[in-house]
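The block underneath contains the structure these notes are about, expressed in structure tokens.
The values are calculated or read from the model by the stated rules, or taken from the named source; none is laboratory data. Since the model is a prediction, treat every value here as computed from it, not as a measurement. In this analysis, Cβ positions are derived from the backbone assuming ideal geometry, glycine residues included, and neighbour counts consider all displayed protein chains. Calculation scope for accessible area: heavy atoms of the full protein, side chains included, ligands and nucleic acids excluded. Shrake-Rupley method; radii C 1.70, N 1.55, O 1.52, S 1.80 Å.
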Amino acid sequence: MGLQHSYRLIAPCYDLAVDRATRGMRRASLARLPPTAGTILLAGVGTGLDLPHLPARHRYIGLDLTGAMLRRSLPRAGHLTFTAVQGDMHRLPFADASFDGVVAHLILAVVPQPALCLAEISRVLKPGGEALILDKFLRRDQKAPLRRLLNPLARRVATRLDVVFEDLLESSPGLVLRDDTPALAGGWFRRIHLVRR
């Protein structure tokens, strides 16, 4: 089953499964958005669960692979300058250095090639631009036997459980780690703040 087909099927129940569990850590991540007005890419905007928590000072571009998810995001964007764009995180349809910030919540562990996705985030960020990442990641040499056991099934349905963030960051040398905070489930989820050199 392809990612686009999978998320088209999941779209109607996605909010019920994800919103309440992730709301607090989303807010904490979004509190780090730049204080000055700019253009922010919401990478993998999904059904728009971040939108109600965003400050109105920025212009937002919400990108997602599926039209079903994007359609559900639109009603949540009422107070924002928001444009929905259907596209692939592996080949962002934007020029280099287009964005002051990127929000990538619950996307790097979903896409088939997370290192390429992070490289694209780096490419579209302006020098000094910031990326706010929230997802489930393993640390290098972390055993996590249950997560590794469940990964083959989980990745076929919706998400990967075996992504090591340090490996992704190593493949995007233009990004510098500013902060890495455990966010949920004993550090299973991490709130990460990166800056473009």
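Derived scalar couplings between HN and Hα for segment 181-197 equal 10, x, 10, 6, 6, x, x, 4, 8, 10, 9, 10, 10, 10, 10, 7, 4 Hz in order, rounded to whole Hz, by the Karplus curve 6.51 cos²θ - 1.76 cosθ + 1.60 (θ = phi - 60°), x for Gly and Pro. As an equivalent ellipsoid, the chain spans semi-axes of 23, 20, 16 angstrom, where each value is the square root of five times an eigenvalue of the C-alpha gyration tensor, largest first. Converting phi to 3J(HN,Hα) with the Karplus coefficients 6.51, -1.76 and 1.60 and the offset θ = phi - 60°, segment 173-179 yields x, x, 9, 10, 6, 9, 7 Hz in sequence order, with x at every glycine or proline. Take 125-131, 99-105 and order them by the average number of nearby Cβ atoms within 10 Å per residue, most first; the result is 99-105, 125-131. Ligands, DNA and RNA are left out, and with a 1.4 angstrom probe the accessible area of the chain is 47 Å² per residue. Remark on V103: its backbone amide H falls under 5 Å from those of L41, L42, A43, L132, a criterion applied only to residues 5 or more positions apart or on other chains, H modelled at 1.01 Å from N. Of the peptides 84-95, 58-69, the order by per-residue mean of other Cβ atoms within 10 Å, starting with the highest, comes out as 58-69, 84-95.
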